[in-house]
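Here the structure comes first, spelled out in structure tokens, and everything after it is commentary.
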């Protein structure tokens, strides 16, 4: 069922609201990797332990991703988006009381619990408000909020942390999330279709989803690609600082560049899918994944003598590909299961994605610690992304 014409005229405004909520949570969620060098220095963490920061925070997402998707299907996305944003903001303010890793870890875990709400609820909102002909673009616009929030975090938080401390910088970002949660509660409205027959969401349960080979292929795909994104987020600054000798502010700016290009990638790939390929998603995912392999291998070749312009270009391409696939994948997933089961399916997919985020960054850091070389770690990551490319063979697309 499509939204009626009067309500549908507001769908772009509602998309803006849910996107800004995602931005606010992403500033918090991705603010941790943006500040990783400063946290590492103060708390004297190894590179493997830096990866464990991702494991703990995103472990919280794994614990609640499916429940958040189920709640979005039964309660509606409005409450989940609004209260999830408020909770994330309030939790991160507790960072002010952190004195060491023992108190940092619980705050990171609770941050992950709140962050789990945004993607399934926001994806359900897009699936309900937008027809198939616009859904790839709309989903990519909503998903651009994640790298956009990460870019804002990389551009603002390290500089703020050098003056105020990393705890105060993170706590300040919580105010934005609380404010956006209030805005969503007052201004967002669910599409008419999402208010009808909510009991039907229960008919597409987790057992039925897990019996589908395309769902498993998607889980493998997001496990690797999402984990690869967080290897990029947690280690790129350290890589540029330790291997190329970049100052922390320059390294943070380069990570912000990659995330901004990720924003552009999500928009461009959505338009390519909707306009050039007539709403086909799978060919775009194949192309993006192949290009991500090439740029990851290229990143591994950096040395202290690599020209700055080449580093700039390669990292821009890496962000455009490795950070640019999410909206297209979620549009395909929502179309495969339908609007009434979209929250549950996206929640399940998010569980696979965040399992990858939990597992891969510590492995990346372990390879660096054992080999004393980032090059080998980038090679391992490129090999894993190739496995994700192979998994796309089983990710079918109904026409």
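What the table below lists for this structure:
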item	result
Selection from the range 292-318 of residues that are in contact with a helix residue (DSSP H, G or I) (Cβ under 8 Å, 6 or more places away or on another chain) and either under 16 Å from residue 270 (Cβ atoms) or part of a loop (DSSP other than H, G, I, E, B) (or both)	300, 301, 302, 303, 304
Complete set of residues in the range 276-291 that are in a helix (DSSP H, G or I) and touching a residue at least 24 places away in the same chain (Cβ under 8 Å)	282, 284, 285, 286, 288, 289, 290, 291
Residue within the range 388-398 that is crowded, with 24+ Cβ neighbours inside 10 Å and not in a loop (DSSP other than H, G, I, E, B) present	yes
Residue among 142, 78 that alone is in contact with a helix residue (DSSP H, G or I) (Cβ under 9 Å, 6 or more places away or on another chain) and closer than 22 Å to residue 268 by Cα	142
Cβ pairs under 7 Å, 6+ apart, first in the range 33-53 and buried (at least 24 other Cβ atoms within 10 Å of the Cβ), second assigned to a loop (DSSP other than H, G, I, E, B)	none
Selection status of residue 334, within 18 Å of residue 381 (Cα to Cα), in contact with a helix residue (DSSP H, G or I) (Cβ under 8 Å, 6 or more places away or on another chain) and assigned to a helix (DSSP H, G or I)	no
Helices (runs of 4 or more DSSP H) lying entirely in the range 131-215 (those with 3 or more residues that are under 18 Å from the mean Cα position of the chain (by Cα) and at pLDDT below 80)	132-143
Yes/no for residue 61 being under 27 Å from residue 172 (Cβ atoms), part of a helix (DSSP H, G or I) and free of Cβ contacts under 8 Å to residues at least 40 places away in the same chain	no
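The values are calculated or read from the model by the stated rules, or taken from the named source; none is laboratory data. No experiment lies behind these values; they were computed from the predicted model shown. Cβ sites come from the backbone with ideal geometry, for glycine too, and all protein chains shown count toward neighbours.
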